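**Student:** Encoded as structure tokens, here's the structure I'll be asking about.
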Amino acid sequence: MKKAIILSALLTLALPFGQVKAEDAPTHRISGKDRYETAVNISVEGWDMSAVAVIATGKDFPDALSATPLAYRYGAPLLLTPANSLPASVKSELKRLKVTIVYLIGGTSVISANIEKELKSMGISTITRISGADRYETSVKVAKHLENSESVVVATGEGFADALSIAPIAAHLGMPILLTKKNSVPSSVSQFVKAEQPVESFVIGGTGVISEQVASTFPMPERISGVNRYETNSNVIQYFEEAIYMDLPVIATGENYPDALAGSAFAAATWNPVILTHPTKPHQTTIDTVQTNSDYTELYYVLGGDKVVTEQAINSLFQK
């Protein structure tokens, strides 16, 4: 029997109206010249205006993995930046959105103080940096900015795929994403769980990334995993199928994190998942996920250019 979070979600989640059979649903690719411009173009596609923006590093994944629920809480896009200077495309997008509040995820080693100066020079006066001593404490600090939840997500802090598989779902179900080590729970995480006392937890990934001993320290742990990142992604989508829509799913490469990260906030806004795929040869589990849900899909958003996810790979997702 599925967990309480699913049942409670169904009380407020109406069944999708107007969904049509769409076995040949079209695809719409969102890309840019680099990961920063791709994230900007995802924002352009999803937001006409937003007072709030969440900005994470585009250079490494750990600090950013917990950011999607925060972006969703404020109805904000998730943009990326290098460490020392905002790309011109990001500055332009912040102006277009009329952003007045920015959350920076991570310490000054990943997003420097110069970024704050640039934001202030643009007239953005409310800048909140959320960071901890490490990736694990950062995930806790992000969680503290969310409303209290009876459920938490637990994912490895050593890889990105599992956290991104659950990110949009965790976001719209109001669950923080806590990062952990494989064989031990960081003290910042255990202290947060002790203080907040959630009643259930979803452990994403197999024992190769989160040991049974670690999983058992969380309340009512429910592990969702697969033999690889793609099967884990498919199993996450299947597990939460009653609490999500599949009319506008997002497809992103499972081999790198930036596009899926920015896309997770975009997907969360429409209560859709991110489907991770191998960039050249999709795994059968990914094909099965797409085809099983094709009756309800109106449009597939594909993130990144042809070098990131090939057109041949996308086409193979639909071949019977």
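**Student:** Which order do the peptides 289-295, 68-74 take when ranked by the mean count of other beta-carbon atoms within 10 Å per residue, highest first? If you can, show how the numbers build up before the last one.
**Tutor:** Values: 289-295: 18.3, 68-74: 24.6.
Result, highest mean first: 68-74, 289-295.
**Student:** Normalised radius of gyration for the range 15-160, please: alpha carbon Rg relative to 2.2 N^0.38 Å, two decimal places.
**Tutor:** Values: Rg = 16.3 Å, N = 146, 2.2 N^0.38 = 14.6 Å.
Against the compact-globule rule of thumb, the ratio is 1.12.
**Student:** From the gyration tensor of the Cα coordinates in the range 89-244, what semi-axes in whole Å does the equivalent ellipsoid have, largest first, with each one equal to sqrt(5λ)? Could you put the intermediate results ahead of the total?
**Tutor:** Details: eigenvalues 186, 63, 44 Å².
In descending order the semi-axes read 30, 18, 15 Å.
**Student:** How large is Rg over Rh for the range 22-316, taking Rg from the Cα atoms and Rh as the Kirkwood inverse mean of 1/r across Cα pairs? Write down the numbers at each step before the final one.
**Tutor:** Numbers: Rg = 17.9 Å, Rh = 18.8 Å.
Radius of gyration over Kirkwood radius for the range 22-316 works out to 0.95.
**Student:** Would you please give the residues with an amide H less than 5 Å from that of ILE244, counting only those at least 5 places away or on a separate chain, with H modeled from the backbone geometry?
**Tutor:** none
**Student:** Moving on. Given the range 175-312, what whole percent of its Cα pairs are spread farther than 22 Å?
**Tutor:** 43
**Student:** Same structure, new question: Enumerate the whole-percent occupancy of each 10 Å bin, from 0 to the last occupied one, for all C-alpha pair distances of the range 57-130.
**Tutor:** P(r) over the range 57-130, rounded to whole percents: 19, 59, 22.
**Student:** Now for a separate question. Can you list the residues, at least 5 places off or on another chain, whose amide H is less than 5 Å from the amide H of VAL302, using H built in the peptide plane?
**Tutor:** Here the answer is HIS28, ARG29, ILE30, ILE251, since their amide H atoms fall under 5 Å of that of VAL302.
**Student:** Here is a further query. Which whole-Hz ³J(HN,Hα) couplings does the range 121-131 yield from phi under the Karplus relation 6.51 cos²θ - 1.76 cosθ + 1.60, θ = phi - 60°, glycine and proline marked x?
**Tutor:** 5, 8, x, 8, 8, 9, 10, 10, 9, 10, 7
**Student:** Go through PRO62, SER109, THR81 and say which Cα lies farthest out towards the positive end of the charge dipole of the chain; charges sit on Cβ, +1 for Lys and Arg, -1 for Asp and Glu.
**Tutor:** Among PRO62, SER109, THR81, the one farthest towards the positive end of the dipole of the chain is SER109.
**Student:** Further question on the same structure: Find the centroid of the Cα atoms in the range 165-181 and in the range 26-62, then give the distance between the two in whole Å.
**Tutor:** Value for the Cα centre distance between the two parts: 19 Å.
**Student:** Using Cα centres only, tell me the gap between the range 97-159 and the range 201-261 in whole Å.
**Tutor:** Computed from Cα coordinates, the inter-centre distance equals 23 Å.
**Student:** Assign unit charges at the C-beta atoms only (+1 for Lys and Arg, -1 for Asp and Glu), then state the dipole size of the range 22-316 relative to its Cα centre in Debye, rounded to the nearest 20.
**Tutor:** Values: 22 positive and 32 negative charges, 263 e Å.
With Lys and Arg at +1 and Asp and Glu at -1, about 1260 debye.
**Student:** Below 25 Å, Cα to Cα, which lysines can LYS194 reach? Residues fewer than 8 away in the same chain don't count.
**Tutor:** The qualifying lysines are LYS2, LYS3, LYS141, LYS144, LYS181, LYS182.
**Student:** What list do you get for SER216, SER184, SER89 if you sort them by fewest beta carbons within 10 Å?
**Tutor:** Details: SER216 9, SER184 13, SER89 20.
In order of increasing Cβ crowding within 10 Å: SER216, SER184, SER89.
**Student:** Pairs of Cα atoms under 8 Å, at least six residues apart: use those to get the relative contact order of the chain, whole percent. List each step's numbers first, then the result.
**Tutor:** Details: 712 pairs, mean separation 69.8, N = 320.
Contact order relative to length: 22 percent.
**Student:** Still on this model: For labels at SER216 and GLN197 in the simple 7 Å Cα→Cβ model, what's the distance in nm?
**Tutor:** Between SER216 and GLN197, the label points sit 2.4 nm apart.
**Student:** In addition: Need one number: % antiparallel among DSSP beta bridges in the chain, to the nearest 5. Let's see the in-between values first.
**Tutor:** Working: 0 of 36 bridges.
The antiparallel proportion sits near 0 percent.
**Student:** Which Cα, out of LEU261, SER187, SER211, lies furthest along the positive dipole direction of the range 22-316 (beta carbon charges, K/R +1, D/E -1)?
**Tutor:** Value computed over the given set: SER187.
**Student:** Mind ranking 50-60, 96-106 by how tightly packed they are, going by the mean number of other C-beta atoms within 10 angstrom, highest first?
**Tutor:** Details: 50-60: 22.2, 96-106: 19.9.
Descending mean neighbour count gives 50-60, 96-106.
**Student:** Pop out the ³J(HN,Hα) list for the range 241-249 in order, Karplus 6.51 cos²θ - 1.76 cosθ + 1.60 with θ = phi - 60°, rounded to Hz; leave Gly and Pro as x.
**Tutor:** Couplings: 4, 7, 10, 10, 9, 10, 7, 9, x Hz.
**Student:** Using only the Cα atoms of the range 127-218, each taken as one equal point scatterer with no solvent, compute I(q) by the Debye sum, divide by I(0), and report log10 of the ratio at q = 0.13, 0.18 Å⁻¹.
**Tutor:** For the requested q values the scattering log ratios are -0.37, -0.73.
**Student:** Sequence-distant or interchain residues sharing an amide H contact under 5 Å with PHE202, placed H: which?
**Tutor:** VAL152, VAL153, VAL154, GLU222
**Student:** When the Karplus curve 6.51 cos²θ - 1.76 cosθ + 1.60 is applied with θ = phi - 60°, which whole-Hz ³J(HN,Hα) does each residue of the range 72-81 get, with x for Gly and Pro?
**Tutor:** Listing the rounded values in order: 5, 4, 9, x, 10, x, 10, 9, 10, 8 Hz.
Each value in this text was obtained by applying a stated rule to the coordinates, not by laboratory testing. If you're wondering where the values come from, they're calculated on a predicted model, not measured in any experiment. Note: ideal-geometry Cβ built from the backbone for every residue, glycine included; neighbour counts use all protein chains shown.
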